[in-house]
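The values are calculated or read from the model by the stated rules, or taken from the named source; none is laboratory data. The structure presented is a predicted model; accordingly, all values stated were derived computationally and were not measured. With ideal geometry, Cβ positions are generated from the backbone for all residues, glycine too; neighbour counts draw on all protein chains shown.
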Amino acid sequence: MGIKGRLFERSQLNALATRLTEPRRFLQVVAGARQVGKTTLVGQVLNRLDLPRVFVSADEPTVGDTAWLAAQWERGRLAVADAGKSGAVLVLDEVQKIPRWSETVKRLWDEDSRARRPLKVVLLGSAPLLMQQGLTESLAGRFEVVHLPHWSFAEMRTAFGLSLEEYLYFGGYPGAAPSIKDPLRWRRYLLDSLIETTIARDVLLMTRVDKPALLRRLFELGCRYSGQVLSYTKMLGQLQDAGNTTTLAHYLELLAGAGMLTGLQKYAGRSVRQRGSSPKLQVLNTALMTAQSGLSPEEARSDREFRGRLVESAVGAHLANAAAGGACELFYWREQNQEVDFVVRAGRTVVAIEVKSGRAPNSFSGLEVFSKTFKPKRTLLVGGDGVSLDEFLTKPVEHWLHT
């Protein structure tokens, strides 16, 4: 079954539907990586609510200025006039591609607020970092965010019947799921329609990037070393670039904002040390690793080292997507040759997680030392004689934090 038939499984649908029926008006922002189902989700919410709507996209080649945005807003106002007190919904997809969009949205939104006009507005965007910049600069106090992460193992299994091994290799892209029986076609779809499109259209065309080749190589490096701690200096050496570490850190933030690759900071209990640490590279979807590797599903499964990195990266991606949605903060911890793979913090609750992936470890488990130093709520072993990988990936991260 295709993506359109299964999005009701996602909890974010109920959250957005509830917000759009409340009398108080907030801009609803649906943000997430490219092709995780944002447009389809909003369409299904609107069909459920049966509200008059205007649905437009700023992704068209002819769109490029705020006059177009104001004209679409006026269409929404006309829909309100026809609907009466029940109001109407205006959906603006890819709105961040319009220069100075946030100032125009603020002006029009405030006009409607003063006029008590019941126009409810939903903004969709494929680049969360850029969306967030525009929102915080001009629209503080006027918006709520519904974060749409990459699809989890539980969602991909329910929607498409993926086994655990299939999920490790093919990851959480629902649009690519129909192609998994043809791995070569699936790989081309990932490389051309997802990876290249995200880098070229969501990052390079919308943000000043002085060294685009360096950003691309950084992404490839992150996929190759996902699950490993690398200093920025070592990264520059691997990338054979004379750039500075500040530039590299900025590019890593851009890739994280696009939902592709992030750098986890070291847990130290003091934010200054966290920010200054060497990052642990982490993909947000294991499909990015396998597509870049060129390995077939059989080759990936038989390569012990690579499969071990896939297992650890799948655990990390599960946690990192929850962190991107605000459910927690995610770190790693290392002192000399002792390491904890992941440290999850939500408020005062801290959970330390070690992954037994089958690959040869680079350092010894530091769970005991970490526990004595930081007194976490619990320590978890995933894999081996601990919690099974299947069980860990099936349950939401909040389960391991609060039960």
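Annotations for the structure displayed:
- Some residue of segment 148-155 being polar (S, T, N, Q) and not in a loop (DSSP other than H, G, I, E, B): no
- Among residues of segment 99-115, those that are touching a residue at least 40 places away in the same chain (Cβ under 8 Å) and either among the basic types (Lys, Arg) or in contact with an Asp or Glu (Cβ under 6 Å, 6 or more places away or on another chain) (or both), counted: 0
- Within segment 149-185, considering residues that are buried (at least 18 other Cβ atoms within 10 Å of the Cβ) and charged (D, E, K, R), the one modelled with the lowest pLDDT: Glu155
- Conditions (1) assigned by TED's automatic domain parsing to the domain that holds Leu27; (2) free of Cβ contacts under 8 Å to residues at least 60 places away in the same chain; number of the one not met by Ser163: (1)
- Segments classed as helices (runs of 4 or more DSSP H), wholly inside segment 262-358, with at least 2 members that are without any contact (Cβ under 8 Å) to a residue 60 or more places away in the chain and basic (Lys, Arg): 271-275
- Residues located in segment 44-62, provided they are buried (at least 16 other Cβ atoms within 10 Å of the Cβ) and under 26 Å from the mean Cα position of the chain (by Cα): Gln44, Val45, Leu46, Phe55, Val56, Ala58
- Tally, over segment 117-158, of residues that are within 23 Å of Glu253 (Cβ to Cβ) and in contact (Cβ under 8 Å) with a residue 40 or more places away in the chain: 19
- Evaluation of Thr246 against (1) polar (S, T, N, Q); (2) part of a loop (DSSP other than H, G, I, E, B); (3) out of contact with any strand residue (DSSP E or B) (no Cβ under 7 Å at 6 or more places or on another chain) (one fails), failing number: (2)
- The residues of segment 225-243 that are farther than 22 Å from Val343 by Cα and part of a helix (DSSP H, G or I), listed by number, are Thr233, Lys234, Met235, Leu236, Gly237, Gln238, Leu239.
- Among the candidates Gly141, Gly134, Gly125, residue that is over 20 Å from the mean Cα position of the chain (by Cα), assigned by TED's automatic domain parsing to the domain that holds Val105 and within 29 Å of Leu27 (Cα to Cα): Gly141
- Test: residue in segment 227-250 that is assigned by TED's automatic domain parsing to the domain that holds Ala176, at positive phi and surrounded by fewer than 23 Cβ atoms within 10 Å (Cβ to Cβ): yes
- Candidates in segment 69-125 are the residues that are part of a helix (DSSP H, G or I) and in contact with a Pro (Cβ under 7 Å, 6 or more places away or on another chain); of these, the one that is modelled with the lowest pLDDT is Lys85.
- Counted residues, segment 6-48 - those being assigned to a helix (DSSP H, G or I) and basic (Lys, Arg): 3
- Beta carbons closer than 9 Å, at least 6 apart along the sequence or on distinct chains, pair a first residue in segment 9-20 that is under 22 Å from Arg157 (Cα atoms) with a second that is among the basic types (Lys, Arg) for Leu13/Arg48.
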